[in-house]
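Written out below as structure tokens is the structure these notes cover.
The values are calculated or read from the model by the stated rules, or taken from the named source; none is laboratory data. Being a predicted model, the structure only gives us computed values, none of them experimental. Reconstructed Cβ throughout: ideal geometry from the backbone, glycine too, with neighbour counts over all protein chains shown. Side chains are part of the model used for accessible areas, which takes the heavy atoms of the whole protein and leaves out ligands, DNA and RNA. Shrake-Rupley method; radii C 1.70, N 1.55, O 1.52, S 1.80 Å.
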Amino acid sequence: MNKNLIFRGTEIHKSAYLDEAIFITEQKSVFMQSWLYLCHGSQIPAIGDYFTTELASQPLVAIRQKDNEIKVLYNRCPHKGVKILPETNGNSGRFLRCPYHAWTFKPSGELLSIPVKTEYDPSVLSECEASIGMKAVDNVVCYRDFIFVRLSAQGLPFDIFFGDALSTLDNMIDRSPKGALRVVGVPLRHRHHCNWKMVMDNQTDTCHPMVAHESSAGEAVNLWAQADQQGAQPTAVELLSPLMSPHAFFSEMGIRIWANGHGHTGVSNSIHKDYSEIPDYWESMVESYGEERAQQILSDTRHNTVYFPNLVVKGPIQTLRIIRPVSASETVVESWILELVGTPQKMLERTVQYNNLINSPCSIVAHDDVEMYERATEGLKSQANEWVNIARLYDPAECWDRTTQMSGTSEGAMRNFYSMWQRMMEGGNGE
Ligand code: FES
Ligand SMILES: [Fe+2]
């Protein structure tokens, strides 16, 4: 065995969750060379609209151009490095202006003007890197309005990196009779004192809900059982109670993995499967797609889809979480909601309620998980064990370069994730 190996098939060395040097390598080797989700086109609908963010420690801004294309620039003044756009979003107007010495730039990033430019020798200035303007990110893909970037020249092409995993985004978009989504509001942001991979592990950890969430979801089930149960089940009970499903339910629902670390829970069944019907929604879907296709779209109720390295999508309830590593032991989780364009208001209301109940910093469910991450961060400092175990339903013939389905309680999706992580940490990019 390679003695530097951090993932060894069924175990991950605890340093992967604690070590700052590993965190720095991760940013360079994993995050810079992966396709990272930046924002959704609906967040910057008009020409000049921009959205700023930070990915792999790089300040970035996505701007809609005159021709409607989206360009991603490094949010850094080429003069002395000032971040030009401090707000999360807004509109650039005709040009971007640096607040320090008023250099201006076209929305494409090209240098437009320098105050008292005569004080620069033109031949000296043209030799300077700064004269080019704000640098653009070369690798940008807008996939059905989801904008992704790859910040390194190295790495897999977009289609190969994601492959069939894009089917989860497709399904979420197709749930709109208009085939379109719209991001609503700002995300719920939650800072966790833990490593970002603990949050990713949790997304396909189907053996924890009935245990860790007993005090929250279990209480909802108990309260409803004690109620006189006149009328329909409240939406809160409908959303919370599937988390208390027994082990057999999670086992039967299945897990699917794809190459390059992606995967999802909820293949043949899911905690999202039995939500009550919302009046007029089915009819609008049939009108747009025909009955057979509408049925096909709505019966695919995938639970959590993990897009390597740090995006989690729940298609049937239209939420999207970005897991942002801050340091080895600090992580910010952003939970965004999307509206299915052309659907009754009640659909969005249910999504909002789900996000508040399950994903919010004020939720009764998210705290259960956060407590586990933080206790794991504490416990891993112990010298008792060097390794974290992910051996449940391990199959020595497991293979990560093709689509595979497995039992819903397998930790195979975590092993698939770490197989990609290890390859990238060793300098490969998943090929
Ligand atoms: S730092 Fe931007 S104009 Fe000087
Ligand atoms: Fe959980």
Query raised in the report: Got at least one residue in region 339-347 being surrounded by 22 or more Cβ atoms within 10 Å (Cβ to Cβ) and in contact (Cβ under 8 Å) with a residue 40 or more places away in the chain?
Result: yes
Query raised in the report: On the given criteria, is residue 194 open to solvent by 10 Å² or more (accessible area, probe 1.4 Å) and closer than 23 Å to residue 412 by Cα?
Result: no
**Report entry** Selected residue (criterion: farthest from ligand 1 (Cβ to nearest atom)) from residues of region 202-224 that are closer than 15 Å to residue 247 by Cα and either touching a strand residue (DSSP E or B) at 6+ places or on another chain (Cβ under 7 Å) or not assigned by the TED database to the domain that holds residue 393 (or both)
**Finding:** 206
Report task. Would you mention how many residues in region 379-412 are open to solvent by 10 Å² or more (accessible area, probe 1.4 Å) and in contact (Cβ under 8 Å) with a residue 60 or more places away in the chain? Result -> 19
Query raised in the report: When residues of region 229-253 are filtered for being open to solvent by less than 10 Å² (accessible area, probe 1.4 Å) and within 26 Å of residue 393 (Cα to Cα), how many remain?
Result: 2
**Report entry** For residue 338: the one exception among (1) of a type in the set (A, V, I, L, M, F, W, C); (2) out of contact with any helix residue (DSSP H, G or I) (no Cβ under 7 Å at 6 or more places or on another chain); (3) closer than 19 Å to residue 216 by Cβ
**Finding:** (3)
Query raised in the report: If you check residue 213 against the conditions, is it within 16 Å of ligand 2 (Cβ to nearest atom), over 30 Å from residue 425 (Cβ atoms) and at pLDDT 90 or above?
Result: yes
Requested in this report: Specify which of the listed residues (316, 325) is farther than 28 Å from residue 252 by Cβ, within 22 Å of the chain's Cα centre (by Cα) and surrounded by 18 or more Cβ atoms within 10 Å (Cβ to Cβ).
Outcome: 325
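Quick grid of which residues meet (1) among the polar types (S, T, N, Q); (2) more than 16 Å from ligand 1 (Cβ to nearest atom); (3) in contact with a Gly (Cβ under 8 Å, 6 or more places away or on another chain):
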residue	(1), (2), (3)
104	yes, no, no
136	no, yes, yes
140	no, yes, no
197	no, yes, no
Report summary line: Expected output for region 242-255 (first residue farther than 15 Å from residue 302 by Cβ, partner open to solvent by 20 Å² or more (accessible area, probe 1.4 Å), Cβ below 6 Å, 6+ apart or cross-chain) is 244/210; 244/221; 251/407
Query raised in the report: Considering only strands (runs of 3 or more DSSP E) fully contained in region 1-81, which possess at least 2 residues that are open to solvent by 20 Å² or more (accessible area, probe 1.4 Å) and within 30 Å of residue 427 (Cα to Cα)?
Result: 11-13, 49-55, 58-64, 70-74
Query raised in the report: Applying the selection to region 365-414, what residues are within 22 Å of residue 17 (Cβ to Cβ) and among the β-branched types (Val, Ile, Thr)?
Result: 370, 377, 388, 390
Query - region 74-89 residues that are farther than 17 Å from residue 113 by Cα, paired with ones that are within 12 Å of ligand 1 (Cβ to nearest atom) and charged (D, E, K, R) (beta carbon under 8 Å, 6 or more apart) - result: 75/83; 83/76
**Report entry** Residue count for region 82-94, restricted to those that are open to solvent by 50 Å² or more (accessible area, probe 1.4 Å) and in a loop (DSSP other than H, G, I, E, B)
**Finding:** 5
Query - Selection status of residue 298, open to solvent by less than 20 Å² (accessible area, probe 1.4 Å) and of a type outside the set (Asp, Glu) - result: no
Query raised in the report: Out of 389, 356, which single residue is assigned by the TED database to the domain that holds residue 238 and either among the acidic types (Asp, Glu) or within 16 Å of ligand 2 (Cβ to nearest atom) (or both)?
Result: 356
Query raised in the report: Among all residue pairs at least 6 apart or on different chains, which show Cβ distances below 7 Å where the first residue, located in region 213-229, is closer than 20 Å to residue 373 by Cβ and the second is within 15 Å of ligand 2 (Cβ to nearest atom) and polar (S, T, N, Q)?
Result: 217/241
